[in-house]
Each structure stands twice: as C-alpha cells, then as structure tokens.
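Okay, so here's the structure we're looking at.
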Amino acid sequence: GAVVSQHPSRVICKSGTSVKIECRSLDFQATTMFWYRQFPKQSLMLMATSNEGSKATYEQGVEKDKFLINHASLTLSTLTVTSAHPEDSSFYICSARGSSGGLSPYEQYFGPGTRLTVT
Amino acid sequence: QKEVEQNSGPLSVPEGAIASLNCTYSDRGSQSFFWYRQYSGKSPELIMSIYSNGDKEDGRFTAQLNKASQYVSLLIRDSQPSDSATYLCAVNSYSGAGSYQLTFGKGTKLSVIP
C-alpha cells in the first residue's frame, strides 16, 4: 500500500510556456498533499501544502501565482508551473499523507518525482 | 526556527559492517520521526518511522529515539552496497492552523564499500 504516482516523469518545455504535473495516491485517500522542489545536490524544499477542497498554503518565497496547486479530490493534486523560465528547471516531487487503509496519519509517501527542464 | 541536524558525511563503511546515522532536532514538541532513503536522482523512500522512546527494529534497520536528548538515530546492520544512498532524517512539526509538516535534515550520504 501507500503508492503515489506522478506524471510526467520528465518534461522539457520552452521558456514562457506552462507545465502541469499530476500527483495521484493510488491505493489510499490523501487528505493532505505536499509539493517539494529539489535542486541538484541540495535538500528538499517544501513549496506548498494542500488539503482536499481547500486552497493551498504556500511557503514563504514561493509565488502562488506562478505555481498553481489544485487538490481537486482525495486522490489527485496538480501543480502547474506557469510562464516557466530556465531557473524553474528542477526536480519536483509530491508527497501524500492519509489515514485510510490502516496507514499512519503521520507518514508521508513520496511520488517518483518530475524532472522539469525549461529551455 | 525548527531545525533538524545531520552530519552530511560521506560516511563510508565496509560491506557487512554496521552503519550508524545520527540526527538531532530542535522542536521539543515533535512526536513523529522518520528516516527516508534517497538514491541519487530518485525521490525519498520511507524506511522507518518511530514515535516512542527506545528502539524499533525492522529487518536490518533499527531506529532509536531519545526525546529527552532530542536525538534520533538509524542503525543499518550487515550493510550492503545497495544501501549506498543519502539518508534523510525528518521530524513532524506543528505548522499552525491544525497542520503538521515534515522538517528534513540535509541528509547523510552513506557509501558501503564492497
């Protein structure tokens, strides 16, 4: 149990375009989902937290108009990088937390990540 | 500012030895503690969670928690080359408005030498 998927795994886009990344919890209901970004050889940086049906809470310094998060259901959250620029190139990872299926409500399970390259 | 401190390493151990990874945290109110393994270019994978003082064993892994000392450790017995990865210590902290989020250490890079 506790499987989280992300799509796409890799994406290359041109500067100025928008990219949508999907995060799904496959075998549990995710009451909370998190979006992280990780640059090479650096630690995870939390971008935002989202609860199903409510607006995401963004960390300080993360532009909410640039990184649009929608947690539309208990199994799906999306991150849209709008007007992407080369400095947005990074490894984007989602994680999910839920209490269905006997899972601990405190544990976070990560998706495989999406590597974004903006040219 | 809630902090989680880890020795960045690299920690090198010979195959078959015990690898010992340590972590300290600043938030005394934290109640949940986790170890994640992250291979290069991959996302973190949860390998251990611990909530009570003492030891918790799962296969070759043992997590140890001492809340009074604000200290968490991970022991890997019979280390294998496939254990070579970065190990992230994570602490669940209250972030306000009824929400909790993980604070991660920067990770310890482990190399198991064949």
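The values are calculated or read from the model by the stated rules, or taken from the named source; none is laboratory data. Source: prediction; values computed, not measured. Heavy atoms of the whole protein, side chains included, go into the accessibility calculation; ligands, DNA and RNA do not. Shrake-Rupley method; radii C 1.70, N 1.55, O 1.52, S 1.80 Å.
Each listed q (0.12, 0.17 Å⁻¹) maps to a log10 I(q)/I(0) for the protein assembly as shown from the Debye sum over equal C-alpha point scatterers, namely -0.67, -1.27. Given chain B, report the % of alpha carbon pairs whose separation exceeds 16 Å. Roughly 57 percent, once rounded to a whole number.
Applied to segment A:79-84, the Karplus parametrisation 6.51 cos²θ - 1.76 cosθ + 1.60 on θ = phi - 60° returns per-residue 3J(HN,Hα) values of 10, 10, 8, 8, 6, 5 Hz, with x for Gly and Pro. Whole-Hz Karplus values for segment A:108-119 come out as 10, 10, 9, x, x, x, 10, 8, 9, 10, 10, 9 Hz, taken residue by residue from phi with 6.51 cos²θ - 1.76 cosθ + 1.60 and θ = phi - 60°; glycine and proline positions read x. Ligands, DNA and RNA excluded, the heavy atoms of B:LYS67 present near 60 Å² of accessible surface to a 1.4 Å solvent probe. What percentage of the solvent-accessible surface of chain B, computed with a 1.4 Å probe over protein heavy atoms, is contributed by carbon and sulfur atoms? The C+S portion of the solvent-accessible surface of chain B is 47 percent. Here, segment A:1-94 is characterised by an Rg to Rh ratio of 0.95, where Rg is the alpha-carbon radius of gyration and Rh the Kirkwood radius.
Interface residues of segment A:99-119, defined as those losing at least 30 Å² of solvent-accessible heavy-atom surface relative to the isolated chain (probe radius 1.4 Å), are listed as A:TYR106, A:GLU107, A:GLN108, A:PHE110. The spacing between segment A:8-53 and segment B:1-15, judged by their C-alpha centroids, is 26 Å. With a threshold of 24 Å on the Cα-Cα distance, the over-threshold entries among A:LYS41/B:LYS2; A:LYS55/B:LYS106; A:LYS14/B:LYS109; A:LYS55/B:LYS67; B:LYS2/B:LYS67; A:LYS64/B:LYS42 are A:LYS55/B:LYS106; A:LYS14/B:LYS109; A:LYS55/B:LYS67; A:LYS64/B:LYS42.
Nearest 100 Å² is fine: how much accessible area is buried between B and A, summed over both sides, with a 1.4 Å probe? Before the final figure, lay out each step's value.
Numbers: alone 6200 and 6490 Å², together 11280 Å².
Roughly 1400 Å².
Among the protein heavy atoms, those of A:GLU59 account for about 50 Å² of accessible surface (1.4 Å probe, every chain in place).
Could you sort A:ARG97, B:ARG60 by their accessible area in this structure, using a 1.4 Å probe and putting the largest first?
On the way: A:ARG97 25, B:ARG60 75 Å².
Largest accessible area first, the list is B:ARG60, A:ARG97.
Here chain A carries DSSP beta bridges of which approximately 90% are antiparallel, counting only pairs with both residues inside. Derived scalar couplings between HN and Hα for segment B:2-11 equal 7, 10, 10, 10, 9, 6, 6, x, x, 9 Hz in order, rounded to whole Hz, by the Karplus curve 6.51 cos²θ - 1.76 cosθ + 1.60 (θ = phi - 60°), x for Gly and Pro.
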